[in-house]
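To keep things clear, I will list the structure first and then write my remarks on it.
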Amino acid sequence: MLRSAFALLTLAGVLAAGSALAQTVSAPGPAPSAAPHAPPPAPPYGRPVTLAEAKVAATAAEAEARKQGWSMVIVVVEPSGALVLSQKMDGAQYGSNDVARRKAETAANFRRPTSYFQEAVKGGTLNSIFTGALAIDGGELLIVDGRIVGAIGVSGGSGAQDGQVARVATAALK
């Protein structure tokens, strides 16, 4: 019992220290004209993606995955992150179900592709992953008439492969 309590306190201390280290402190002086890692402007949310649109995007994603010889999981969500469509291609790994869903939710919730968070982490900014964003390429916004109608998440290959398939799907709705 005492050992478990000590382990929990140690873990809490490590998490608190990590959170404190993730925050940046600016030196006094003039403010820069633009933040060096400012996110690009995000499009506004729109209506929810229809099932027909989700099927168009998923069909395009599946066709690209098949063309490349990859087995993938493809998930489409509404702007709120609510599930609209999920499909697992034959041979896709089981773990990709959750990863594809989380990629789609991240893109929808934060109004930007998951590749944005991946690049931020590569650049040393860990704040995005502390917020629960999944920082792996393969989550893309579905945009119709300049508004976010949903997002697609793809998993089953490398991050670059997942991103390639997801971007083909987004182009199918334009």
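For the range 87-146, residues that are within 14 Å of ASP162 (Cβ to Cβ) and aromatic (Phe, Trp, Tyr) total 1. Between THR59, THR131, the distinction of being under 18 Å from VAL168 (Cβ atoms) and not aliphatic (A, V, I, L, M) belongs to THR59 only. Selection over the range 39-49 of residues that are open to solvent by less than 60 Å² (accessible area, probe 1.4 Å) and either farther than 8 Å from VAL76 by Cβ or assigned to a helix (DSSP H, G or I) (or both) gives a count of 4.
The values are calculated or read from the model by the stated rules, or taken from the named source; none is laboratory data. It should be emphasised that the depicted structure is a prediction, and the values quoted were computed from it without experimental measurement. Virtual Cβ from ideal backbone geometry, glycine too; neighbours counted across all protein chains shown. We work out accessible area using only protein heavy atoms, side chains counted, and drop any ligands, DNA or RNA first. Shrake-Rupley method; radii C 1.70, N 1.55, O 1.52, S 1.80 Å.
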